[in-house]
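Chemist: Quick one: the structure is below, and I'll ask about it shortly.
The values are calculated or read from the model by the stated rules, or taken from the named source; none is laboratory data. Being a predicted model, the structure only gives us computed values, none of them experimental. No Cβ is skipped: glycine too gets one built from the backbone with ideal geometry, and neighbour counts run over all protein chains shown. Only protein heavy atoms, including side chains, enter the accessible area calculation; ligands, DNA and RNA are left aside. Shrake-Rupley method; radii C 1.70, N 1.55, O 1.52, S 1.80 Å.
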There are 4 protein chains.
Amino acid sequence: MQQFASDNQAGICPEALEYLLKSNDSGHESSYGDDAWTQRVCDRMRDLFQTDCDVFFVFNGTAANSLALASLCQSYHSVICHELAHIETDECGGPEFFSNGSKLLTAKGENGKLTPDAIEALVTKRADIHYPRPKVVSITQSTEVGTVYTVEEVRAIAAIAKRRQLRVHMDGARFANAVASLNVHPSEITWRAGVDVLCFGGTKNGLPVGEVVVFFDKVLAEDFAYRVKQAGQLASKMRFISAPWLGLLDNDVWLRNARHANAMAKLLHQRLRDIPGVRVLFEPESNAVFAELPNHAAQAMRAGGWKFYQFIGAGGCRLMCAWDTQPETVERFAAELRSICIA
Amino acid sequence: MQQFASDNQAGICPEALEYLLKSNDSGHESSYGDDAWTQRVCDRMRDLFQTDCDVFFVFNGTAANSLALASLCQSYHSVICHELAHIETDECGGPEFFSNGSKLLTAKGENGKLTPDAIEALVTKRADIHYPRPKVVSITQSTEVGTVYTVEEVRAIAAIAKRRQLRVHMDGARFANAVASLNVHPSEITWRAGVDVLCFGGTKNGLPVGEVVVFFDKVLAEDFAYRVKQAGQLASKMRFISAPWLGLLDNDVWLRNARHANAMAKLLHQRLRDIPGVRVLFEPESNAVFAELPNHAAQAMRAGGWKFYQFIGAGGCRLMCAWDTQPETVERFAAELRSICIA
Amino acid sequence: MQQFASDNQAGICPEALEYLLKSNDSGHESSYGDDAWTQRVCDRMRDLFQTDCDVFFVFNGTAANSLALASLCQSYHSVICHELAHIETDECGGPEFFSNGSKLLTAKGENGKLTPDAIEALVTKRADIHYPRPKVVSITQSTEVGTVYTVEEVRAIAAIAKRRQLRVHMDGARFANAVASLNVHPSEITWRAGVDVLCFGGTKNGLPVGEVVVFFDKVLAEDFAYRVKQAGQLASKMRFISAPWLGLLDNDVWLRNARHANAMAKLLHQRLRDIPGVRVLFEPESNAVFAELPNHAAQAMRAGGWKFYQFIGAGGCRLMCAWDTQPETVERFAAELRSICIA
Amino acid sequence: MQQFASDNQAGICPEALEYLLKSNDSGHESSYGDDAWTQRVCDRMRDLFQTDCDVFFVFNGTAANSLALASLCQSYHSVICHELAHIETDECGGPEFFSNGSKLLTAKGENGKLTPDAIEALVTKRADIHYPRPKVVSITQSTEVGTVYTVEEVRAIAAIAKRRQLRVHMDGARFANAVASLNVHPSEITWRAGVDVLCFGGTKNGLPVGEVVVFFDKVLAEDFAYRVKQAGQLASKMRFISAPWLGLLDNDVWLRNARHANAMAKLLHQRLRDIPGVRVLFEPESNAVFAELPNHAAQAMRAGGWKFYQFIGAGGCRLMCAWDTQPETVERFAAELRSICIA
């Protein structure tokens, strides 16, 4: 049954699966990425972003973010991020582990977004060697609360980062949803806006497993392949990690998947916003709806078999739509909730 | 085309693939291992090993070994292993990275195997705090040169380890091939012989991706789930990593795959041993044949499209058979080589 | 000139210096702590604390705290501390570095002190593997804002720690000042109250260099000597680090030094509290006075050659007294400030 | 009593002690290196080396070497050194710990010295990402077996390093003894020969505690101060670490101390070489004599109160002379040994 617990509870989308199967038909293939499938995906990524970037495959988002950040700073440096950033709240200290101790400096910010002022405040707060020097700013696109940085917002952050000699990392576990939401070319909110490294999420977009780390500044990617290998993130049968990306990239399925999930969130939002007692917390800009439900209603829905998380950070219930969420599921969820709330 | 470069160049075996597809049919599933497929594999592992062990899924062998070792020692401890061990020669410092600095102490040993005497010599060499204290002995089963520790050999190593208060880790990237070769119950060369932690390889046995870490001493597994998460080794869509194991476990396909690969190595060995100029280096006990080929022959074979590695450590060419290696491929390879050598 | 910038700007107290010189007279001595001076200090520490504890010497407070914490948790665990704790604000990520990534979870708390409730809130906030599990609570005695935990407060924290299976670490960079302030036996606020490990500061009490890590639970000290060595904290000419402690321990000079510094802070407080425009922020319980000075007054004092820090965390100016602070210096400082403020 | 166990068993030389006492007379001093004494030593180091280098103070040799190496490579890189190098054999995995996993690749080499050929062999052995990429070559001057690299030898190593894009690190725990032995300007065997970073040992030359890390390439020193702080190597009362260096630098006391120790080793060698049954293993070029003593003789000498180490690596007994070793002690040692051997 489709649910609203997380977009990582959805399965593999048909197009990705097709390539996974196809890549298995080719018999023996060179391992560790030295195969034609992987090469093809890398080239397609460069086409997609319209620039000569370096592309690496890793197994999941924690690894993608942690390795990318570790490559941008040393252990005595720090990373500026929003207090709700996934790297801060849900990776069990992964960034600190991979970087051997880099500290995350967190800032508050409305709608789950960092602001240039908040970054400036953190950079200028201390200038002594007793506190780790900020070296990276990390933004999540789309954010943990379902909002999206506009092109201008990314640019403004990158500008202050440049002025303060910070590298810009984008946690794009739901990058597709942001691009779909903004309806811009993916380069517009990445390298053209000043992003140095993008962690481009595949799993939540329909892959079985795997994310991509894209270095727009190739100098920063030096020896990153060694880092990936040492960190246990280099797949031997790489084709099964890489080939499914072709399913997402062909015919812009990644965008179609994202647009669909976003649309389902919009629909859900429309159905929820006028249910008595329900308060939507953020205007949904991507594939998540955050809403406060009356306690008894949340309980009743869960008792009825619905799954969703209640988050302390942002507050409220998180209702996450996936590439496969069906309108009927949304309607049924809304209808059941409405009937409970007006009872 | 099938090759002899590595068993990780083979594809997904049909039974594993079937479960991967099945697990995708179930729509949304709880993530991070909190799903029925994963639970089922864990239970099946406990059945297989006939003991109440703790089972964890990780993405690859470097991660399996490194995380297991890191859980058995601290940064100022050391790990005793054979000088040809994969953890020493082919994981780019992964064990040192995950353990934050544990040193590997290597020993020579015939046929790629550690001996109790070699372990004893390393343990007793130093007893001062200027050298990292040995805390773990790691053996590879089957070894990097295609040999297999007998039950007695594992027991003898575990005995000296116990006496010296060392934990015993088994790198079982090709564990199946060893079990098939020895024709013993898997418990006989693991916990019944004194092994504390086994890294049980799935990828080389026919999975697309993924290995299993089995803790026979459950106390050692405390908080290991956190370690896996922090290290970027926890799959969100876990079912796609776990469910395919059912394909291997049902009807002992894992053993069938291993027996087949071993048999192909034996066949290859038979065909090679009397080719003039070819010298087989080790009696093949699992799925690898190491042989010295005349230089011009190796070159000619490669020019003819054959792929295989030449290793400095063990010397010679490594010809690795996989679950899908066909007798015809073996015969063709041998025939071509013979014709080159006798020309 | 004596100053109020920090107690680590003071020199070596005569009694410590005498032992440093004495220990140099003995010609060659065994290195790395295998000498009679070091042995003697360890025994004296056991006498002082009236228990059979394990004692280690390290070079400074960052190392003492970081190594102690690293020995109490793994990289995927977390340490609960006050948001103004030195380990959080002034060790440049040292604890994260030595522990290979353990996260510090900070709590607010009046007068720079952690409370049982704040600890409980952090422990119970999350129970999933996506967030590092709390394993240690660290308290600073005396605190960064010059306050002191009472015996009852330490006991209450240790009780909640015990209940939640957390180890208790005490950052005692100014432990002497706390003991002097409370006028209790040092065991009363350490092991008798439930503290597992104490970092006992020597430098601010009159030593040239060096702190001591005291493990009251000797099991926790297993292989800590290796940890110290690997981390570059084992002095070869150890006697010069250890022997000066005898100068502090003989005749309770450590307490005399601390009492004096505390008394000077009290005097300073008395002189400052009724100066117009000056607001003392905390009732001084040890050797620091925090006070808000009128901006022009702070500037004028600095222009006049006085040195003191202005802290963002606690706010206000920190005026720190040392073992050698003279009453005349206090009086002169107060008089100059008064004349500026009433001008 | 003076001994031959280690030059780190000697005390503080008078000139260093004098400055330690002087620096204590100045009352309060800025901490963490922001004092005049420290500034003065840094300037004097630049004078000494005749170049604008960056100078950092750390507490001991393990820290100096480990931090320097960590600044020259990442965790997935490797460091080439001699198999008898202190960083390999006596720092308990310190380099691996501080670098978060960099592997040491060791080479054999006569007289404890690395050769260009050995370096070349290690660099060219592997070129795949499964093995950590060599990034640094580390040489010990003088070596662990008391030999000294000539200017030409250092240059030749630096040349191959440059060609292979390796940084050159010099472990100079006994740098003074090497300079004294070669009778060259210290710049001749460091930056003028191609060394990037020197760990300049003070402790064995007569200091109570402390080594200096000298970056001849200032770009490599970027943010090294943060690294030192985070790693617990920044002294708060820095003057007591730095000022004693002035005692060594004034009137070239460091060279006088080294020359004396070297001369004592030469004397010892002369006295030992013709004692029946004694075999000197290396021509002493600095302050150590390695000699094989008859077993009963070694035992008898130890029973008579003499202290010296027996090393597995190089073999034989190590007799180490210090800045304070007296000719009479050498003569007495030799006479006693002779009488035992000819008995």
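One line per residue, one yes/no per condition, for (1) under 19 Å from the mean Cα position of the chain (by Cα); (2) farther than 14 Å from A:THR147 by Cβ; (3) aliphatic (A, V, I, L, M); (4) open to solvent by 20 Å² or more (accessible area, probe 1.4 Å):
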| residue | (1), (2), (3), (4) |
| --- | --- |
| A:HIS260 | yes, yes, no, yes |
| A:ALA263 | yes, yes, yes, yes |
| A:LEU267 | no, yes, yes, yes |
| A:VAL289 | yes, no, yes, no |
| A:PRO294 | no, yes, no, yes |
| A:ALA298 | no, yes, yes, no |
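Chemist: Just to be sure, is B:PRO208 in the same structural domain as B:GLN74 (by TED's automatic domain parsing), in contact with a strand residue (DSSP E or B) (Cβ under 6 Å, 6 or more places away or on another chain) and not basic (Lys, Arg)? First the steps, then the outcome.
Modeler: Numbers: in the same structural domain as B:GLN74 (by TED's automatic domain parsing): yes; in contact with a strand residue (DSSP E or B) (Cβ under 6 Å, 6 or more places away or on another chain): no; not basic (Lys, Arg): yes.
Answer is no for this residue.
Conditions tested, residue by residue: (1) open to solvent by less than 10 Å² (accessible area, probe 1.4 Å); (2) at pLDDT below 95; (3) not acidic (Asp, Glu).
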position: D:VAL278; (1), (2), (3): no, no, yes
position: D:PHE282; (1), (2), (3): no, yes, yes
position: D:GLU285; (1), (2), (3): no, no, no
position: D:PHE311; (1), (2), (3): no, yes, yes
position: D:ALA322; (1), (2), (3): yes, no, yes
position: D:GLN326; (1), (2), (3): no, no, yes
position: D:VAL330; (1), (2), (3): yes, no, yes
position: D:ILE340; (1), (2), (3): no, no, yes
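Chemist: Assess whether D:VAL168 counts as being open to solvent by 20 Å² or more (accessible area, probe 1.4 Å), closer than 29 Å to A:SER71 by Cα, of a type in the set (A, V, I, L, M) and outside any loop (DSSP other than H, G, I, E, B). Please lay out each step first, then the result.
Modeler: On the way: open to solvent by 20 Å² or more (accessible area, probe 1.4 Å): no; closer than 29 Å to A:SER71 by Cα: yes; of a type in the set (A, V, I, L, M): yes; outside any loop (DSSP other than H, G, I, E, B): yes.
So D:VAL168 does not fit the description; no.
Chemist: Scan region B:63-78 residue by residue and report those that are open to solvent by 10 Å² or more (accessible area, probe 1.4 Å) and facing chain A (nearest Cβ under 8 Å).
Modeler: Across region B:63-78, there are no qualifying residues.
Chemist: Can you say whether D:ASN60 is facing another protein chain (nearest Cβ under 8 Å) and under 19 Å from B:GLU88 (Cα atoms), as far as the supplied structure shows? Show your work before the answer.
Modeler: On the way: facing another protein chain (nearest Cβ under 8 Å): yes; under 19 Å from B:GLU88 (Cα atoms): no.
No.
Chemist: Take the residues of region B:4-33 that are aliphatic (A, V, I, L, M) and facing chain A (nearest Cβ under 9 Å): which is farthest from the chain's Cα centre (by Cα)?
Modeler: B:LEU21
Chemist: A follow-up question, please. State whether the residues of region A:171-179 include one that is in a helix (DSSP H, G or I), open to solvent by less than 10 Å² (accessible area, probe 1.4 Å), of a type in the set (Gly, Ala, Ser) and touching a residue at least 12 places away in the same chain (Cβ under 8 Å).
Modeler: yes
Chemist: Taking region A:140-170, which residues are touching a residue at least 40 places away in the same chain (Cβ under 8 Å), of a type in the set (A, V, I, L, M) and in contact with an Asp or Glu (Cβ under 7 Å, 6 or more places away or on another chain)?
Modeler: Taking region A:140-170 as the starting set, the residues that turn out to be touching a residue at least 40 places away in the same chain (Cβ under 8 Å) are A:140-149, A:151, A:153-154, A:156-157, A:159-161, A:164, A:166-167, A:169.
From the residues that got through so far, the ones that are of a type in the set (A, V, I, L, M) too are A:145, A:148, A:151, A:154, A:156-157, A:159-161, A:166.
The answer is A:VAL148, A:VAL151, A:ILE160.
Chemist: Given the criterion assigned by TED's automatic domain parsing to the domain that holds C:ARG167, open to solvent by less than 10 Å² (accessible area, probe 1.4 Å) and free of Cβ contacts under 8 Å to residues at least 40 places away in the same chain, identify the matching residue among C:GLY109, C:GLY101.
Modeler: Working: C:GLY109 fails: open to solvent by less than 10 Å² (accessible area, probe 1.4 Å).
On inspection, the qualifying residue turns out to be C:GLY101.
Chemist: Output the residues belonging to region A:118-163 that are of a type outside the set (S, T, N, Q) and out of contact with any strand residue (DSSP E or B) (no Cβ under 9 Å at 6 or more places or on another chain).
Modeler: Narrowing region A:118-163 to residues of a type outside the set (S, T, N, Q): A:118-123, A:125-137, A:139, A:144-146, A:148-149, A:151-163.
Selection gives A:GLU120, A:ASP128, A:ILE129, A:HIS130, A:VAL148, A:VAL151, A:GLU152, A:ARG155, A:ALA156, A:ALA159, A:ARG163.
Chemist: Would you say C:VAL151 is surrounded by fewer than 24 Cβ atoms within 10 Å (Cβ to Cβ) and under 21 Å from C:THR51 (Cα atoms)?
Modeler: Working: surrounded by fewer than 24 Cβ atoms within 10 Å (Cβ to Cβ): yes; under 21 Å from C:THR51 (Cα atoms): yes.
In short, yes.
Chemist: From the list A:LYS218, A:LYS307, which residue is open to solvent by 20 Å² or more (accessible area, probe 1.4 Å) and assigned by TED's automatic domain parsing to the domain that holds A:THR143?
Modeler: Values: A:LYS307 fails: assigned by TED's automatic domain parsing to the domain that holds A:THR143.
One residue alone meets the criteria, A:LYS218.
Chemist: For region B:221-255: of the residues being part of a loop (DSSP other than H, G, I, E, B) and of a type in the set (Gly, Ala, Ser), which is surrounded by the most Cβ atoms within 10 Å (Cβ to Cβ)? I'd like the intermediate steps shown before the answer.
Modeler: Within region B:221-255, the first condition is being part of a loop (DSSP other than H, G, I, E, B), and the residues that meet it are B:222-223, B:231-238.
Keeping just the survivors that are of a type in the set (Gly, Ala, Ser) gives B:231-232, B:235-236.
Working: B:ALA231: 30, B:GLY232: 27, B:ALA235: 26, B:SER236: 21.
Here the answer is B:ALA231.
Chemist: Another one. Select, from D:GLN39, D:GLN50, the only residue that is without any contact (Cβ under 8 Å) to a residue 60 or more places away in the chain, open to solvent by 10 Å² or more (accessible area, probe 1.4 Å) and out of contact with any strand residue (DSSP E or B) (no Cβ under 9 Å at 6 or more places or on another chain). It would help to see each step written out before you state the result.
Modeler: Details: D:GLN50 fails: without any contact (Cβ under 8 Å) to a residue 60 or more places away in the chain.
Going through D:GLN39, D:GLN50 in turn, the sole match is D:GLN39.
Chemist: Sort out which residues of region C:79-96 are buried (at least 24 other Cβ atoms within 10 Å of the Cβ) and more than 11 Å from chain D (Cβ to nearest Cβ), and write them in order of number.
Modeler: Going through region C:79-96, the residues buried (at least 24 other Cβ atoms within 10 Å of the Cβ) turn out to be C:79-82, C:85, C:87, C:91-96.
Correct list: C:VAL79, C:ILE80, C:CYS81, C:HIS82, C:ALA85, C:ILE87.
Chemist: Ok, one more. Among residues belonging to region B:206-220 that are assigned to a loop (DSSP other than H, G, I, E, B) and of a type outside the set (Gly, Ala, Ser), point out the one that is farthest from A:LEU21 (Cα to Cα). Before the answer, list the steps.
Modeler: Here is the first cut: in region B:206-220, the residues assigned to a loop (DSSP other than H, G, I, E, B) are B:206-210, B:216-217.
Adding the requirement that they be of a type outside the set (Gly, Ala, Ser) leaves B:207-209, B:216-217.
Numbers: B:LEU207: 13, B:PRO208: 11, B:VAL209: 14, B:PHE216: 35, B:ASP217: 38 Å.
Among them, the one singled out is B:ASP217.
Chemist: Taking the stated definitions as given, is B:ILE340 under 30 Å from A:GLY206 (Cβ atoms) and assigned to a helix (DSSP H, G or I)?
Modeler: Values: under 30 Å from A:GLY206 (Cβ atoms): no; assigned to a helix (DSSP H, G or I): yes.
Here the answer is no, as B:ILE340 does not meet what is asked.
Chemist: Determine whether A:ASN24 is assigned by TED's automatic domain parsing to the domain that holds A:PHE97, at pLDDT 95 or above and surrounded by 23 or more Cβ atoms within 10 Å (Cβ to Cβ).
Modeler: Working: assigned by TED's automatic domain parsing to the domain that holds A:PHE97: yes; at pLDDT 95 or above: yes; surrounded by 23 or more Cβ atoms within 10 Å (Cβ to Cβ): no.
Here the answer is no, as A:ASN24 does not meet what is asked.
Chemist: Which pairs turn up if I take residues in region B:123-139 that are assigned by TED's automatic domain parsing to the domain that holds B:THR89 and open to solvent by less than 60 Å² (accessible area, probe 1.4 Å) and look for partners that are part of a strand (DSSP E or B) and hydrophobic (A, V, I, L, M, F, W, C) with beta carbon separation below 6 Å, at least 6 apart in sequence or on another chain?
Modeler: Filtered contacts from region B:123-139: B:PRO134/B:ILE80; B:VAL136/B:VAL79; B:VAL137/B:ILE80; B:VAL137/B:VAL168; B:SER138/B:VAL79; B:SER138/B:CYS81; B:ILE139/B:MET170.
Chemist: Can you name every residue in region C:180-211 that is within 14 Å of another protein chain (Cβ to nearest Cβ) and either surrounded by fewer than 22 Cβ atoms within 10 Å (Cβ to Cβ) or of a type in the set (Asp, Glu) (or both)? Quick ask: steps written out before the conclusion?
Modeler: Keep residues of region C:180-211 that are within 14 Å of another protein chain (Cβ to nearest Cβ), which gives C:199, C:201-211.
Hit for region C:180-211 is C:GLU211, nothing else.
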